[in-house]
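Trainee: First, the structure itself, so that you have it in front of you.
The values are calculated or read from the model by the stated rules, or taken from the named source; none is laboratory data. None of the values given here were measured: they were computed from a predicted structure. Note: ideal-geometry Cβ built from the backbone for every residue, glycine included; neighbour counts use all protein chains shown.
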Amino acid sequence: MTEPLDLAALTDADLARRPFDELVAALQRAVQGLEAGNVGLEESIELYKHALRLHAACETRLREAELTITELGRRGASPAGGDDAG
Amino acid sequence: MGDQPTLWDAPPPEPQQPMRPAPRILRVTDLNRRVRSLLDADAALADVWVEGEVSQPSYPASGHCFFVLKDPNSQIRAALFREELARTVVRPEHGMNVIVHGRVRAYEPQGVYQLYVESITPAGAGDLHARYEELRRKLAAEGLFEESRKRTVPRWPRRIGVVTSEQGAVWRDIGNVLRRRYPLVELVLSPSVVQGDAAAPAIVRALRRLYAQEGIDTIILARGGGSLEDLWSFNDERVVRAVADAPVPIIVGVGHESDTTLADFAADLRAPTPSAAAELATPDGTQLAAILARFRDRAGAALLGRAAESRRFVDSESRALARLAPDIGAARQRTADLVDRGARAVGDRIERRRLALAAANDALRALSPTATLERGYAVARAADGRIVRDPASVATGDPLQVIVARGTVEARVERTRTDGTEELLA
C-alpha cells in the first residue's frame, strides 16, 4: 500500500504529518525486522530507535486525534468546521 | 339390535368378485401425511405471491398471527409466525388488502392446508413489489450484484465519504461512532435528502460529488429506518446503478436489520444499520494504544536479546585472547607472526563489537545500564597494525594508533621505557 518510510530522513515534525496507517505499518515492520534477528547489532539499534520514534508519533496522534468533518457542496454554510468544500 | 335388517342399515353387499383385493385402510394420520407430501412436492406452492383481503386476524399470546386471506370467491387460512411478523412492514388488520409471499403446506393435526406467510405488504405496494422483483432480476442478470465485484473495505481509511441527510440521527450516530472508535479519520459529508420523490436523484448527485473527490478511501450510504415507501429510493434503478459505479468500496446501511434494498445488493458491503456501517468502515481505535504499546515492548525485548548475544560474544573472545597471552610470552620468537595475526583478528572483532555495544548502550540507556567495556583500557597499535606489548618493538618517532573505548587516538612515540607498569596500577 505505502512505500516504507525512510525514518532517518524524516524529522519528528515530518512524522507528525504522515498518515497514521503508514506509521503503524512502519512500526510493525521495524518490530518484525528486530525479531527476525538477521540484522547486525548496529542495524538493530537503528530499528529500535525507529520503533521508539514511531510509537511515540502514533501515541501522540491517537491522544490528540479529533474527528475532522468536511461538508461538500455547501460552501460557507457548514456548521461542522470543515474548512474547504473541495 | 336384532339380527333383522332395518331401513337404516346399509344394503347388503353385492356379491364380490373373488379376485378383487381388499381395500387398503389408511389411518387419518397417514392420509394427511400423504396430502402434505403431495403439497410439499410442488415447487410452485413453495414460493407463491398472493393478493387478497385480510379477514379476522388473531394475535394469540404465542406472538404469532393467524388470519384468513380471501377474495370474493375463495379463502385460505394464513399463518404469520412471530419471527416473520417482527420483520413485516405492516401488521395485518381486518379488511386490509395485502400481498403476501410464502408457501402453502398442509397442517396435519387439523387436516387443513394453509398459507405460511414470509412477508406481507399492503396491496397498494403491490406494484412496487413487482417492480422491485423485476428490477432485481434485471440488474442481477447484468451482474451488478455479483460477489466477484465486491471489494474489500480498506482497514485503515484516511477519508471516509458519507451520503446521508445532514439533519437527523443517522449523521449524528455515524459521527459518534467514529469519534469513539477512530477519530483519526476525516469524514467527508455529501448531504442528500433521503426521503420523498426528490431523494433518488439527490442521492445520485451526492454520490457523484463524492466520486469526484480525491483520496476518499471508503464511502458510506446511510439512512435510518422507515416504511417500505420511505426506503423506496434505495430501490431506485438510478441509485442502485450509482452505488454499483462507486470507484472505491461502498458500504450501504439502510433502515433496520431486516430491510434489504437493491442498493444493499449492489454495495461492496451491506451493514445492518448506519452505525454498523461506521463500525465496518474503521479499525477499533479503542484497542490501538494497547496494541501499539505491545509493539514497542516487543522491539525493546528483541533489541535486548540482540545486545545480550553480542555481549556474550565479546566476553568469550576476551577469554580466548587471555588464553593466548601465555603462548605469546613462551614462544614469541617462533610464532610471533602467527600469534600477532590471530590476536589482531580477534582484537579487531572485539573492537568492532565494543563500539557497536557502546552504541547499543546509548540506545538502551534505560534498558541496559552495562558499562563493563568502558573501564579505560586502551590498545596501542604500531604502523603495521601489530599490537604493541613491548616498548622494544617500537622506536622513537614511530606512529601509534591508540584505541580507547569510544574512538582512536593517533600518537607518536616520544621515548620508550621498560618500567612504569606499576605506575599504571597505582
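Trainee: Output the residues belonging to the range B:272-296 that are farther than 30 Å from B:THR261 by Cα, among the β-branched types (Val, Ile, Thr) and touching a residue at least 40 places away in the same chain (Cβ under 8 Å).
Mentor: Here is the first cut: in the range B:272-296, the ones farther than 30 Å from B:THR261 by Cα are B:285-296.
From what's left, among the β-branched types (Val, Ile, Thr): B:286, B:291.
Matches in the range B:272-296: B:THR286 only.
Trainee: Right, here's the next one. Which pairs turn up if I take residues in the range B:152-175 that are more than 8 Å from chain A (Cβ to nearest Cβ) and touching a residue at least 24 places away in the same chain (Cβ under 8 Å) and look for partners that are in a helix (DSSP H, G or I) and of a type in the set (Val, Ile, Thr) with beta carbon separation below 7 Å, at least 6 apart in sequence or on another chain?
Mentor: Pairs found: B:VAL162/B:ILE174; B:VAL163/B:ILE203; B:THR164/B:VAL170.
Trainee: Here's a follow-up. Which condition number in (1) surrounded by fewer than 21 Cβ atoms within 10 Å (Cβ to Cβ); (2) assigned to a loop (DSSP other than H, G, I, E, B); (3) within 14 Å of chain A (Cβ to nearest Cβ); (4) on the phi < 0 side of the Ramachandran plot is the one that B:GLY215 fails?
Mentor: It fails just one condition, (4).
Trainee: Based on this model, can you work out whether B:TRP156 counts as in a helix (DSSP H, G or I) and not hydroxyl-bearing (Ser, Thr, Tyr)?
Mentor: no
Trainee: Do you know which residues across the range B:210-239 are among the charged types (D, E, K, R) and within 19 Å of B:GLY175 (Cβ to Cβ)?
Mentor: The answer is B:ASP217, B:ARG223.
Yes/no matrix, rows are residues, columns are (1) free of Cβ contacts under 8 Å to residues at least 12 places away in the same chain; (2) farther than 27 Å from B:ASP230 by Cα; (3) surrounded by 15 or more Cβ atoms within 10 Å (Cβ to Cβ):
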position: B:ASP40; (1), (2), (3): no, yes, no
position: B:GLU53; (1), (2), (3): no, no, yes
position: B:SER62; (1), (2), (3): no, yes, no
position: B:ILE76; (1), (2), (3): no, yes, yes
position: B:GLU83; (1), (2), (3): yes, no, no
position: B:VAL98; (1), (2), (3): no, no, yes
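Trainee: Based on what the data block shows, is B:ALA289 out of contact with any Leu (no Cβ under 8 Å at 6 or more places or on another chain), surrounded by fewer than 19 Cβ atoms within 10 Å (Cβ to Cβ) and small (Gly, Ala, Ser)? If you could, list the steps in order and put the result at the bottom.
Mentor: Details: out of contact with any Leu (no Cβ under 8 Å at 6 or more places or on another chain): no; surrounded by fewer than 19 Cβ atoms within 10 Å (Cβ to Cβ): yes; small (Gly, Ala, Ser): yes.
No; evaluated as a whole, the condition is false for this residue.
Trainee: Restricting attention to the range A:38-51, and to residues there that are within 7 Å of another protein chain (Cβ to nearest Cβ) and small (Gly, Ala, Ser), which single residue is nearest to the chain's Cα centre (by Cα)?
Mentor: Result: A:ALA51.
Trainee: For B:ARG241, all conditions in the list (1) surrounded by fewer than 21 Cβ atoms within 10 Å (Cβ to Cβ); (2) away from chain A (no Cβ under 14 Å); (3) not in a helix (DSSP H, G or I) hold save one; what is the number of the exception?
Mentor: Failed condition: (3).
Trainee: Would it be correct to say that A:LEU27 is modelled with pLDDT of 85 or more and at the interface with chain B (Cβ under 7 Å from one of its Cβ atoms)?
Mentor: yes
Trainee: Now a separate question. Kindly establish whether A:LEU34 is within 9 Å of chain B (Cβ to nearest Cβ), modelled with pLDDT of 80 or more and buried (at least 17 other Cβ atoms within 10 Å of the Cβ).
Mentor: yes
Trainee: For the range B:109-123, what are the residues that are part of a strand (DSSP E or B) and either out of contact with any strand residue (DSSP E or B) (no Cβ under 7 Å at 6 or more places or on another chain) or among the polar types (S, T, N, Q) (or both)?
Mentor: B:GLN114, B:SER119, B:THR121
Trainee: Continuing with this model, one more query. Can you pull out the residues in the range B:213-231 that are over 13 Å from B:LEU189 (Cα atoms) and within 27 Å of the chain's Cα centre (by Cα)?
Mentor: B:GLU214, B:GLY215, B:ASP217, B:ARG223, B:GLY224, B:GLY225
Trainee: Further question: Within the range B:85-96, can you find the residues that are surrounded by 11 or more Cβ atoms within 10 Å (Cβ to Cβ) and not aliphatic (A, V, I, L, M)?
Mentor: Matches in the range B:85-96: B:ARG87, B:THR88, B:ARG91, B:PRO92, B:HIS94.
Trainee: Consider the range B:53-97. How many of its residues are within 12 Å of B:LEU115 (Cα to Cα) and over 39 Å from the mean Cα position of the chain (by Cα)?
Mentor: Counting residues in the range B:53-97 that are within 12 Å of B:LEU115 (Cα to Cα) and over 39 Å from the mean Cα position of the chain (by Cα) gives 9.
Trainee: Of the residues that make up the range B:153-160, is at least one crowded, with 16+ Cβ neighbours inside 10 Å and touching a Leu at 6+ places or on another chain (Cβ under 7 Å)? Break it down into steps so the answer makes sense when it comes.
Mentor: As a first pass, look at the range B:153-160 and keep what is crowded, with 16+ Cβ neighbours inside 10 Å: B:153-154, B:156-160.
Filter once more, keeping what is touching a Leu at 6+ places or on another chain (Cβ under 7 Å): B:153, B:160.
Checking the range B:153-160: at least one residue is crowded, with 16+ Cβ neighbours inside 10 Å and touching a Leu at 6+ places or on another chain (Cβ under 7 Å).
Trainee: Of the numbered conditions (1) surrounded by fewer than 21 Cβ atoms within 10 Å (Cβ to Cβ); (2) within 9 Å of chain A (Cβ to nearest Cβ); (3) in contact (Cβ under 8 Å) with a residue 40 or more places away in the chain; (4) not aromatic (Phe, Trp, Tyr), B:ARG180 fails exactly one; give the number of that condition.
Mentor: (2)
Trainee: Another question, if that's okay. Could you please let me know if B:ALA123 is more than 10 Å from every other protein chain (Cβ to nearest Cβ), touching a helix residue (DSSP H, G or I) at 6+ places or on another chain (Cβ under 6 Å) and among the hydrophobic types (A, V, I, L, M, F, W, C)?
Mentor: no
Trainee: Would you please name the residue that is modelled with the highest pLDDT, looking only at residues in the range B:187-212 that are in a loop (DSSP other than H, G, I, E, B) and touching a Lys or Arg at 6+ places or on another chain (Cβ under 6 Å)?
Mentor: B:SER190
Trainee: Among what's in the range A:52-81 and is more than 8 Å from chain B (Cβ to nearest Cβ) and assigned to a loop (DSSP other than H, G, I, E, B), pick the residue that is modelled with the highest pLDDT.
Mentor: For the range A:52-81, the residue satisfying everything is A:ARG75.
Trainee: Return the only residue of B:LEU45, B:LEU69 being surrounded by 14 or more Cβ atoms within 10 Å (Cβ to Cβ) and assigned to a strand (DSSP E or B). Walk me through how you get there before you give the answer.
Mentor: Numbers: B:LEU45 fails: assigned to a strand (DSSP E or B).
So the residue among B:LEU45, B:LEU69 that is surrounded by 14 or more Cβ atoms within 10 Å (Cβ to Cβ) and assigned to a strand (DSSP E or B) is B:LEU69.
Trainee: I'd like the full set of residues that are part of a loop (DSSP other than H, G, I, E, B) and either over 30 Å from B:GLU142 (Cβ atoms) or small (Gly, Ala, Ser) (or both), limited to the range B:257-311.
Mentor: Residues satisfying the conditions are B:SER258, B:ALA267, B:ALA281, B:THR282, B:PRO283, B:ASP284.
Trainee: Please enumerate the residues belonging to the range B:283-304 that are more than 7 Å from every other protein chain (Cβ to nearest Cβ) and either among the charged types (D, E, K, R) or at positive phi (or both).
Mentor: B:ASP284, B:ARG294, B:ASP297
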